[in-house]
Amino acid sequence: MHRPHTPATPGLTAHPLPDLQARLHTRMRAEWLLSTGALLVLAFCLSYFAPTLGLKGLNNTLYDRLAPWLVNKSASDEIVIVAIDDASIEEIGQWPWRRNRHAMLLEQLSEARAVALDVVFGEPNPAYPDDDAALADAIRAHGRVVLPLVIGLDGRTMLPPIPLLADAAANVGTINIQPDDDGVVRSISLQQQVGSTTVDHLSLALLEVGSHSDNADHLRTRYGTESIRIVFSRFTSGQAVVPYNRVLDRSISPDAFRDKYVLVGAWSSGVGDIFATPYSSTRGNMPGVEILANILNNGLSDQWVTQPGRFVQALLGLIPVLFSALAFRYLSPQRAFAFNLLMLICWLATVSLLLHFGLVWVPPSAALIVTLLAYPVWSWRSQHAALRHIDQELSMLQGEHASATGNNSGKAGAPATTPRRFQDQTLLARMQQLHGAIDTMRQAQRLRNETMRFLSHDMRAPLNSILALTDLQRSSASPQKLSPDTLNQFDFYATKTLALVDGFVALSRAEAIELQFVPVDLAELIRQACDGAWVHAQHKNITINSDALTDGAWVQADPGLLERACSNLLDNALKYSPSGTTVTWALRRDANNWVASIDDEGYGMDDAGLANAFAPFTRIDENRPDNPGGVGLGLAFVRTVVARHGGTITARSKPGVGTRFTLYLPAAVPPRDE
């Protein structure tokens, strides 16, 4: 008995010939998952451990290139720098000056909100002992003067002002500048731990003295000893920077300093420190007192360039890598390469926008490096997977060719692993092997076409002649008339041969011809198949029930082939069902598929029969006396047609109960009405 459909056990799905495309897709997906996972882990680790992996320098370099153009903050008009510049030294005399001059300066700054003297008074002046007392009196009289202290290089010692001045000052604060390893000043700690003592920065001390203690408390609580990046501004000569000598000789009115924070410090490179900053390339190096003014400027508005924690940085760095990996999965190589370059630009733009609008710095180097590395890594892995796939298919083709030509040195079918002879070959050698396999396939195609011409013409012509002869012999009065048994034998073998040719031609066409897909109503197509089988059903007294068909079951199909496949299923059901039974069609929607099923009440199949149901030239229970005739190609044809339409077919059967075949075809969009 010959039954259609694939499963080796009830409910299994029938598959066409080895699905090479699916195998390659699975291999590529596995390579993509592994490559993406490795790249994401690499990006996370590089970002998280960037300071210890040498990427800090690259991140700082990128920051120095971006910050001058993106971090633009105006200097507060509440801050004035009294500069000890070259003109002042030329007029007043050689530095260091007597301390009584600083006392006279403080008299001119009496209207200031607070004054910071960025001059270290770590030792008494033995040459002019009265000057220390005069300066102390001036500091005490002003009442809002902050003096600097210096933390030693070991981080455990401090150099405060001499006690006479320290007692007179309103507050003290550290003036230590903290350059990075490359000597560039980018950040500051508003508090420093010296032994068991926490020391405020000069800017916090100024805010305390200048009646901005709330600001100072907020900064201590929020940042503490954390290193934060400075937003630099340029303090220009004029109102923001005034010469020391012009203040001392009263050329500038004391009212100009009313309610201002005043910082007094060296502006000349010969008397004070000059530091490199991110702005050095565009504005030159910056005096230490100007850096202190910038820190105070940031403290007044609480605007700093902040940086997320290492874990958050590492997570953010995964974004461009993940997007690039997705592009590799779903875009062509050319578009994926362009998208990869676009992601590099977009990530730099994103980092720049965060820096400009949010004053947030996300170090980008780790993400940029891995994103740049992603394309060659994916190209390597995808090419490796494609070459392994080609190697296995070449091995399969060689094995099939050897089997077909009788060469026992090769066996048909692909090996489990890539043969060593292919792995050791160059890409050019593999391509030559592939071209050789393509030539072999072309030869096989030519041979197949010649076989088709032979079957469709050379075999059909004489067989039709045999049928004509037997028919003539039946109607002839010739004394040489053949016996009825002989004629029946002629009919039987000729009809069987014709059925074999027709089935073989139909199967070959279904496998090879180019399908013409158009929107087809599957319900209407099944009804047409039922109409074509009506005579056969009436002859066997079998009822065809198609009431459960749902109209509007649109699929993209070749109408002729799909209708013939449905007719084959129906003919198969009628052929193997006894008289008085019912064959039932049903149609339903399941997610993105239309599901058509046909049930009969026939003889059924066991598991062994199901396992071979779709094999060409295979018939179940062929030697049973009541088994209908056939050549065993009908169900192979159905399976091929369904597979070429992007669907699957399943079979479920039980001996003596009947068989169900189920088609799963992708649903299509209904055609628009003209």
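Would a scan of the stretch 131-146 turn up a residue that is modelled with pLDDT of 90 or more, closer than 24 Å to S301 by Cβ and basic (K, R)?
Looking through the stretch 131-146, at least one residue is modelled with pLDDT of 90 or more, closer than 24 Å to S301 by Cβ and basic (K, R).
Scan the strands (runs of 3 or more DSSP E) fully inside the stretch 542-607 and keep the ones with 3 or more residues being in the same structural domain as D531 (by TED's automatic domain parsing) and within 11 Å of L522 (Cβ to Cβ).
Output list reads 554-557, 582-590, 593-599.
Hey, does the stretch 204-220 have a residue that's outside any loop (DSSP other than H, G, I, E, B), of a type in the set (S, T, Y), in the same structural domain as D132 (by TED's automatic domain parsing) and in contact with a strand residue (DSSP E or B) (Cβ under 8 Å, 6 or more places away or on another chain)?
The answer is no; no qualifying residue exists.
With V146, V172 as the choices, which residue is over 53 Å from the mean Cα position of the chain (by Cα) and either surrounded by fewer than 17 Cβ atoms within 10 Å (Cβ to Cβ) or without any contact (Cβ under 8 Å) to a residue 40 or more places away in the chain (or both)?
V172
What's the number of the condition Y63 fails, among (1) of a type outside the set (V, I, T); (2) in a helix (DSSP H, G or I); (3) surrounded by 15 or more Cβ atoms within 10 Å (Cβ to Cβ); (4) in contact with a helix residue (DSSP H, G or I) (Cβ under 7 Å, 6 or more places away or on another chain)?
(4)
Out of all the residues in the stretch 353-398, which are closer than 28 Å to D64 by Cβ, of a type in the set (S, T, N, Q) and more than 22 Å from the chain's Cα centre (by Cα)?
none
This table checks each residue for (1) closer than 30 Å to Q303 by Cβ; (2) modelled with pLDDT under 90; (3) assigned to a loop (DSSP other than H, G, I, E, B); (4) in the same structural domain as A50 (by TED's automatic domain parsing).
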{"position": "Y375", "(1), (2), (3), (4)": "no, no, no, yes"}
{"position": "S382", "(1), (2), (3), (4)": "no, yes, no, yes"}
{"position": "N407", "(1), (2), (3), (4)": "no, yes, yes, no"}
{"position": "G410", "(1), (2), (3), (4)": "no, yes, yes, no"}
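Which members of the stretch 249-305 meet the condition of being small (G, A, S), out of contact with any strand residue (DSSP E or B) (no Cβ under 8 Å at 6 or more places or on another chain), at pLDDT below 90 and part of a helix (DSSP H, G or I)?
Answer for the stretch 249-305, where residues must be small (G, A, S), out of contact with any strand residue (DSSP E or B) (no Cβ under 8 Å at 6 or more places or on another chain), at pLDDT below 90 and part of a helix (DSSP H, G or I): S281, S301.
Determine, yes or no, whether L135 is touching a residue at least 40 places away in the same chain (Cβ under 8 Å) and surrounded by 14 or more Cβ atoms within 10 Å (Cβ to Cβ).
For L135, the condition - touching a residue at least 40 places away in the same chain (Cβ under 8 Å) and surrounded by 14 or more Cβ atoms within 10 Å (Cβ to Cβ) - is not met.
Answer yes or no as to whether S251 is out of contact with any helix residue (DSSP H, G or I) (no Cβ under 9 Å at 6 or more places or on another chain) and either among the hydrophobic types (A, V, I, L, M, F, W, C) or surrounded by fewer than 17 Cβ atoms within 10 Å (Cβ to Cβ) (or both).
For S251, the condition - out of contact with any helix residue (DSSP H, G or I) (no Cβ under 9 Å at 6 or more places or on another chain) and either among the hydrophobic types (A, V, I, L, M, F, W, C) or surrounded by fewer than 17 Cβ atoms within 10 Å (Cβ to Cβ) (or both) - is not met.
Would you check if T157 is touching a strand residue (DSSP E or B) at 6+ places or on another chain (Cβ under 8 Å) and surrounded by 15 or more Cβ atoms within 10 Å (Cβ to Cβ)?
No.
Evaluate the stretch 198-206: report whether one residue or more is out of contact with any Pro (no Cβ under 9 Å at 6 or more places or on another chain) and surrounded by fewer than 20 Cβ atoms within 10 Å (Cβ to Cβ).
yes
Can you tell me which residue within the stretch 50-70, out of those that are touching a residue at least 40 places away in the same chain (Cβ under 8 Å) and in contact with a Lys or Arg (Cβ under 9 Å, 6 or more places away or on another chain), is farthest from R234 (Cα to Cα)?
A50
Would you mention how many residues in the stretch 30-49 are under 29 Å from F232 (Cβ atoms), aliphatic (A, V, I, L, M) and touching a Gly at 6+ places or on another chain (Cβ under 6 Å)?
Residues meeting the conditions: 0.
Quick check on the stretch 122-140. Is at least one of its residues over 25 Å from L204 (Cβ atoms), part of a helix (DSSP H, G or I) and among the basic types (K, R)?
no
The values are calculated or read from the model by the stated rules, or taken from the named source; none is laboratory data. In this text the structure is predicted, and so the values were computed from the model without any measurement. Cβ atoms come from the backbone with ideal geometry, glycine included; neighbour counts cover every protein chain shown.
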